[in-house]
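What follows draws every value from the coordinates through simple rules; no lab data is involved. The structure displayed is predicted, hence computed values, not measured ones. As a convention, Cβ positions derive from the backbone with ideal geometry for all residues, glycine included, and neighbour counts pool all protein chains shown.
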Amino acid sequence: MLIDSHPNPKQVIVSTEESTYHPVQSTCVHHRDLPEIRAEGETPWDAAALLVKRLTWALVNAGGDWRRTQLEVAIDDVKAFLDQDR
């Protein structure tokens, strides 16, 4: 990574959503700086693991170095969030 930063797991936002059509509650996570990229799962850990994959995939279509750096920071923050539960 190009930036010397410390991953911040507090940048990961966790919310729960209930469906009006299904009696199932899901957990949704996103990074504070990239709310447009979200992931859902049964647990915060499941959702965060999927979010890492989605952010990594977004690197393929990153429009420039600034966006790539933003995605890399977000990936590191979500990985730090995942490491908290271990």
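The sum of -39500 (n - 2.57) across all DSSP H runs of n ≥ 4, divided by the residue count of the chain, sets its helix-only mean residue ellipticity at 222 nm to -14500 deg cm²/dmol.
State, to one decimal in nm², a quarter of the convex hull surface area for the C-alpha atoms of the chain, i.e. the direction-averaged projected area. With every direction weighted equally, the projected area is 6.0 nm². Pairs of Cα atoms nearer than 8 Å and 6+ residues apart set the relative contact order; for the chain it is 31 percent. Seen against the Cα atoms of the chain and their longest principal axis, helix 65-84 is set at about 50 degrees. Relative protection proxy for 50-63, 26-39, 67-80, from highest mean packing down: 67-80, 26-39, 50-63 (other beta-carbon atoms within 10 angstrom). Taking the C-alpha atoms only, the angle from helix 44-60 to the longest principal axis of the chain is near 40 degrees. Each Lys and Arg contributes +1 and each Asp and Glu -1, all at the Cβ; summed about the Cα centre of the chain, the dipole is approximately 160 debye.
Comparing Ala80, Leu59, Gln25 along the charge dipole axis of the range 9-84, the residue lying farthest to the positive side is Leu59, per the Cβ-charge model.
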